[in-house]
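J.: Pasting a structure below so you can have a look.
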Amino acid sequence: MEIWTNPACSKCRTATSVLDEAGASYTVRRYLDDPPTPSELDEVLIRLGLEPWDVARTKEPVAKEVGLADLPRDRQKWLEVMCAHPILIQRPIITADDGTTVVGRSDEAVRSVLPVE
């Protein structure tokens, strides 16, 4: 299992705590330091069944700087902008070994990727 996190994010810290409490084995990817490529983000979004604009952090200052609100809904362009400015990607994103992927903003979402015992 892999989790894309930002250590400064309380939702990310909560998600890793839930995984730790469950004894889950996972890899942390600090996606601000190690941003996904457009193809990696595209693959994750396909698993989520979402478009880039569905997981964009539109209230980030950089969103205004890059004119995110005015970008046409061109999937490839959004992927490129979001990967160039990874702070724009919603977090945490968790991909389980079976391919199940969630945006882990709630304890329930995080628990949904845990293996059934």
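The values are calculated or read from the model by the stated rules, or taken from the named source; none is laboratory data. If you're wondering where the values come from, they're calculated on a predicted model, not measured in any experiment. When we count neighbours, we look across all protein chains shown, and the Cβ atoms used for this are built from the backbone with ideal geometry, even at glycine. For the accessible areas, the whole protein counts, side chains as well, though only heavy atoms, and no ligand, DNA or RNA atoms are used. Shrake-Rupley method; radii C 1.70, N 1.55, O 1.52, S 1.80 Å.
J.: Among the numbered criteria (1) exposed (fewer than 12 other Cβ atoms within 10 Å of the Cβ); (2) within 14 Å of the chain's Cα centre (by Cα); (3) at pLDDT 95 or above, which one does Pro7 miss?
T.: The failed condition is (3).
J.: Evaluate the range 82-99: report whether one residue or more is over 13 Å from the mean Cα position of the chain (by Cα), among the β-branched types (Val, Ile, Thr) and crowded, with 18+ Cβ neighbours inside 10 Å.
T.: For the range 82-99, residues over 13 Å from the mean Cα position of the chain (by Cα), among the β-branched types (Val, Ile, Thr) and crowded, with 18+ Cβ neighbours inside 10 Å: absent.
J.: Quick check, is Glu60 more than 23 Å from Asp20 (Cα to Cα), open to solvent by 50 Å² or more (accessible area, probe 1.4 Å) and out of contact with any Cys (no Cβ under 9 Å at 6 or more places or on another chain)?
T.: On the way: more than 23 Å from Asp20 (Cα to Cα): yes; open to solvent by 50 Å² or more (accessible area, probe 1.4 Å): no; out of contact with any Cys (no Cβ under 9 Å at 6 or more places or on another chain): yes.
Considered against the rule, which asks whether it is more than 23 Å from Asp20 (Cα to Cα), open to solvent by 50 Å² or more (accessible area, probe 1.4 Å) and out of contact with any Cys (no Cβ under 9 Å at 6 or more places or on another chain), Glu60 comes out as no.
J.: Are there any pairs, at least 6 apart or on different chains, whose C-beta atoms fall under 6 Å, with the first in the range 87-100 and modelled with pLDDT of 95 or more and the second open to solvent by 10 Å² or more (accessible area, probe 1.4 Å) and among the small types (Gly, Ala, Ser), and if so, which?
T.: The qualifying pairs are Leu88/Ala56.
J.: Looking only at helices (runs of 4 or more DSSP H) that lie completely in the range 11-87, which have at least 1 residues being in contact with a His (Cβ under 9 Å, 6 or more places away or on another chain)?
T.: Of the helices (runs of 4 or more DSSP H) lying wholly inside the range 11-87, those with at least 1 residues that are in contact with a His (Cβ under 9 Å, 6 or more places away or on another chain) span 61-65.
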